[in-house]
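The values are calculated or read from the model by the stated rules, or taken from the named source; none is laboratory data. On a predicted model such as this, the values are computed, not experimentally measured, just so you know. All Cβ positions, glycine included, derive from the backbone under ideal geometry; neighbour counts span all protein chains shown. Ligands, DNA and RNA are stripped out before the accessible areas are found, and what is left, the full protein with its side chains, is counted by its heavy atoms. Shrake-Rupley method; radii C 1.70, N 1.55, O 1.52, S 1.80 Å.
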Amino acid sequence: MGIYTNRESLLASLLPWRNSKKIGFVPTMGALHQGHLTLVDKAVKENDCVVVSIFVNPTQFNNSEDLEKYPRNLDADVALLNSLHKNIIVYAPEISDIYGDKITATAYDFLGLEHEMEGKHREGHFNGVGTILNILFRIIKPDNAYFGEKDFQQLQIVKKLVEIENLPVSIVGVPIVREESGLAMSSRNNRLTEKQQKEAVLISKTLKEVKEQFSSHTISELNRFVKETFEKNDQLALEYFEIANEKTLKTAVEKSKNEKYRAFIAVFSGEIRLIDNMALN
Ligand code: PAF
């Protein structure tokens, strides 16, 4: 496995794979778990060479404490990737290799996708995500790039980014990987105590109930059900729950025929923010 911390050496390692070979790319912020490994596995199957980037991107954090506390463990990540596949290329750059001495985000217009849900609660987040991915796509020039549906809004925005920037990369969405308990896998789960992990199962359980009740209940009934479920729980604080149109990500008030809907949720367990989502129809 090659591990590169600057773009020149990464580019040199990619030279043999340019032109006739397919390059797959899995961007991550490290603290790898089974969800990431599923993306890597798919990328390995569908490409000749796979680059995994490990970079905690400062411009997508709107909360400095969250950035500071974001789990980082490069050695464990590399060991995990190594145990999975021997010929993965890891790009783990320093901040200066990406941003030079100007750590700033581009202001993007993702046609409104960026103002929904996460966008309302994490100001500037998607500008940071767009900025880092635009930089990484332009360095790596992958044929395919893999993203988990856990960050479903991010996935839709990345598709839009690629259109706006006219980048020749296919964006591949991969279903959420869950713990046996139903909890969506996330690097942030590392920061939960065992008790908090058990409590957090309520998030996926509630989404499953919403899915089961979707055809027989109105959206406002389902919104009320979720609000009341979390009001009864003193360990988890609901930040938002929304049923939204899967394509536009606009909040749904009523169901329309032939439209696809998804439930989206963000919950705090103490100071740790967890998100999840589920297709409803
Ligand atoms: O989903 C993530 O981990 C990050 O937002 C990403 C795509 C690696 C960009 O920093």
- [ ] Considering each residue of segment 249-281, count those that are over 12 Å from residue 203 (Cβ atoms) and without any contact (Cβ under 8 Å) to a residue 60 or more places away in the chain, and give that number.
- [x] 10
Task: Search result, residues across segment 76-133 that are under 21 Å from residue 42 (Cβ atoms), open to solvent by 30 Å² or more (accessible area, probe 1.4 Å) and either charged (D, E, K, R) or in a strand (DSSP E or B) (or both) - done: 86
Open item on the list: So residue 171 ticks every box in (1) modelled with pLDDT under 95; (2) within 12 Å of the ligand (Cβ to nearest atom) but one. Which box is left unticked?
Closed with: (1)
Open item on the list: So for segment 25-32 (the condition being outside any helix (DSSP H, G or I), under 16 Å from the mean Cα position of the chain (by Cα), near the ligand (Cβ under 10 Å from one of its atoms) and hydroxyl-bearing (Ser, Thr, Tyr)), does at least one residue qualify?
Closed with: yes
TODO: Kindly provide the set of residues from segment 221-255 that are open to solvent by less than 70 Å² (accessible area, probe 1.4 Å) and assigned to a helix (DSSP H, G or I), ordered by number.
DONE: 222, 223, 225, 226, 229, 230
Task: So residue 198, is it exposed (fewer than 15 other Cβ atoms within 10 Å of the Cβ) and either among the aromatic types (Phe, Trp, Tyr) or at pLDDT 95 or above (or both) - done: yes
Open item on the list: Any residue that is of a type in the set (Gly, Ala, Ser), more than 23 Å from residue 121 (Cα to Cα) and in a loop (DSSP other than H, G, I, E, B) - is there at least one of those in segment 257-279?
Closed with: no
TODO: List every residue pair whose Cβ atoms lie under 9 Å apart, where the two residues are 6 or more positions apart in sequence or sit on different chains, the first residue falls within segment 123-143 and is among the basic types (Lys, Arg) and away from the ligand (no atom under 11 Å from the Cβ), and the second residue, located anywhere, is at pLDDT below 95 and open to solvent by 10 Å² or more (accessible area, probe 1.4 Å).
DONE: 141/18
TODO: Could you tell me which numbered condition residue 219 fails, if it satisfies all but one of (1) in contact with a helix residue (DSSP H, G or I) (Cβ under 8 Å, 6 or more places away or on another chain); (2) β-branched (Val, Ile, Thr); (3) under 29 Å from residue 158 (Cβ atoms)?
DONE: (1)
Task: Criterion: in contact with a Phe, Trp or Tyr (Cβ under 6 Å, 6 or more places away or on another chain) and within 26 Å of residue 175 (Cα to Cα) - qualifying residue of 10, 39, 74, 81 - done: 39
- [ ] Quick one: count up the residues across segment 36-85 that are within 12 Å of the ligand (Cβ to nearest atom) and of a type in the set (Val, Ile, Thr).
- [x] 4
- [ ] Run down 13, 53, 9, 20 and say which single residue is outside any helix (DSSP H, G or I) and open to solvent by less than 80 Å² (accessible area, probe 1.4 Å).
- [x] 53
